[in-house]
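Report on one structure; see the data block that follows.
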Amino acid sequence: MLARQIGKLLRHSYSRAIVNCRNVSSGNVEADAAERDPAPFFFDKEVQKSLRRLTTVDYKKVFRPRMDGHRLRRPEYKFMTDEELQAAMDAAKRKANRYLQMPPVVKQRSEITTVLVKDAALLDHDTVKYVFTDITFGLKDRERIVVVREPDGMLRHANWQERDRLMQTYFPKPGKDIRKPRMFGGKYLESLLERSKYEFILDRACIQFDPDDPDYQAVTRAVYERINLEKHFEALRSTRHFGPMVFHLVWTSNIDNLLCEMIETDRMEDAVLLIRLYHKIHPTAESAVNRCKDDSSDEEIVMHYARFDSARTTTIEKLVQSYKELHQQRKLLEEGIKKAHGLTSNQVETDKV
């Protein structure tokens, strides 16, 4: 009974330490943009809906064979009724949604520095540290107590590196290494980035690190910034990492390259959605304060953002003009085809009705 009460008290103490570490310097969040917590914005329903829409779903890309060491399955061919085919398609859509589930974007965690007790009587009791780990069945990793007794007699909560190493020792997760792999730093990471192995790096980072781990956020930031620099946005489109990348670019007010890519690839609706997302996360931006008219076209909304907030105003103006000219040419071509077939616009509309 006493042991159970002590365990409950220690778990409560640890949970408070975790909360305190995450809320360090939270009293003046709005004063510094770097200290803002992105989680409330990222998990907002409208933001999630916008990110999923911008991701797009290319089933060929979602279900493509992956070189991940697993044996490839042979394709199966079946005769189906219309009802069975529809059920199979619905199941494929649900599976694709699972594959495209976005990794969370949260604030970086702070170090655990909570000291439980300092016992001078245990000074120099040994030359090594003693680590005590709670291995109670059914607890989440964040709820487990891990304490360290220092040689000077101090008893403290384990820091994040110690916790991660011990959790992987007692409760190993498939694919995760006890220590940080070399691929996430230095020349090894640079080599992978030069070979455009973006999705491989991000998938591996999701297995190795927690979302609030400084190493995870450093790796993902390096990948997103390289993609933005090289304009390799298509490499992550229709993957679970596209949404977090878009959110990172919006959060850091660096959407110009992505906006230009969307206009160039005839994704004007996505470009407008990206700007609306930017306004939601940065409501004090000039283009958000000086709003467009409600009946403004997509091109006018893009140009409004370009004039007020973009660093590439001239480039965006040229791209929008090219977009208009291209659509005008397409319209003239369609009208020419209709005339060649002896149809007028009114006749086509009548036939549709």
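Taking every protein chain into account, the accessible area of the stretch 219-289 amounts to 36 square angstrom per residue (probe 1.4 Å). Using the rule -39500 (n - 2.57) for each DSSP H run of four or more residues, divided by the residues of the chain, the 222 nm mean residue ellipticity is -16500 deg cm²/dmol.
Taking the charge dipole of the stretch 73-145 about its Cα centre, with +1 at Lys and Arg Cβ atoms and -1 at Asp and Glu Cβ atoms, the residue from T136, T81, Y99 reaching farthest to the positive side is T81.
Here the gap between D134 and R53, fully extended at 0.36 nm per residue and compared with their Cα-Cα distance, gives a gain of 24.9 nm. With distances taken between every two different alpha-carbon atoms, the stretch 184-265 has a Kirkwood hydrodynamic radius of 13.0 Å. Given R0 = 35 Å, the distance between the Cβ atoms of D37 and K318 translates into a calculated FRET efficiency of 0.40. Listed by number, the DSSP H helices of the chain that run 27 Å or longer by alpha-carbon position along their axis and have mean Kyte hydropathy of at least -1.0 are 2-22, 313-340. Given q = 0.11, 0.15 Å⁻¹, what are the Debye log10 I(q)/I(0) values for the chain, with equal point scatterers placed on the Cα positions and solvent ignored? Log-scaled intensity ratios, in q order: -0.97, -1.37. Sequence-distant contacts, meaning Cα pairs under 8 Å at least 6 residues apart, place the relative contact order of the chain at 16 percent.
Here's the list of lysines a cross-link from K338 could span, going by alpha-carbon distance under 30 Å and ignoring same-chain residues fewer than 8 apart: K324, K352. With the cut-off at 26 Å, tell me which of the pairs K180/K231; K93/K280; K49/K231; K61/K231; K49/K93; K107/K173 have Cα atoms farther apart than that. Exceeds cut-off: K180/K231; K93/K280.
Modelled spin-label separation between F63 and T127, with each label point placed 7 Å from Cα along the Cα-to-Cβ direction: 6.3 nm. Counting 0.36 nm for each residue step from L72 to Q168 and taking away their Cα separation leaves a gain of 31.7 nm. Calculated translational diffusion coefficient of the stretch 254-339 (10 °C, 1.306 mPa s; Stokes-Einstein with Kirkwood radius over alpha-carbon pairs) equals 117 µm²/s. Of the residues V106, V115, V320, the one that moves most in a GNM of the chain with alpha-carbon contacts below 10 Å is V115. Put a dot 7 Å past the Cα of R179, heading toward its Cβ, do the same for K293, and the two dots end up 6.6 nm apart. Indicate the gyration tensor shape class of the stretch 204-309 (rounded, prolate or oblate), computed on the Cα atoms with a ≥ b ≥ c the square roots of the eigenvalues: a/c under 1.5 is rounded; otherwise a/b larger than b/c is prolate and the rest oblate. Prolate is the answer for the stretch 204-309, as a/c is 1.5 or above and a/b outweighs b/c. Round to a whole number: what % of the accessible area of the chain belongs to carbon and sulfur, probe 1.4 Å? Carbon and sulfur: 52 percent of the exposed surface of the chain. For the stretch 115-158, relative contact order (Cα pairs under 8 Å, six or more residues apart, normalised by length) works out to 52 percent. Note on the chain: GNM, Cα springs under 10 Å; of K197, K78, K293, the largest mean-square fluctuation is that of K78. Relative contact order of the stretch 254-339: 30 percent, from C-alpha pairs under 8 Å at least 6 residues apart in sequence.
I need the calculated FRET efficiency for the pair H232 and A311, taking r as the beta carbon distance and R₀ as 25 Å, to the nearest 0.05. With a Förster radius of 25 Å, E is 0.80.
The values are calculated or read from the model by the stated rules, or taken from the named source; none is laboratory data. No experiment lies behind these values; they were computed from the predicted model shown. A quick note on method: Cβ atoms are made from the backbone with ideal geometry, for glycine too, and the neighbour counts reach across all protein chains shown. Heavy atoms of the whole protein, side chains included, go into the accessibility calculation; ligands, DNA and RNA do not. Shrake-Rupley method; radii C 1.70, N 1.55, O 1.52, S 1.80 Å.
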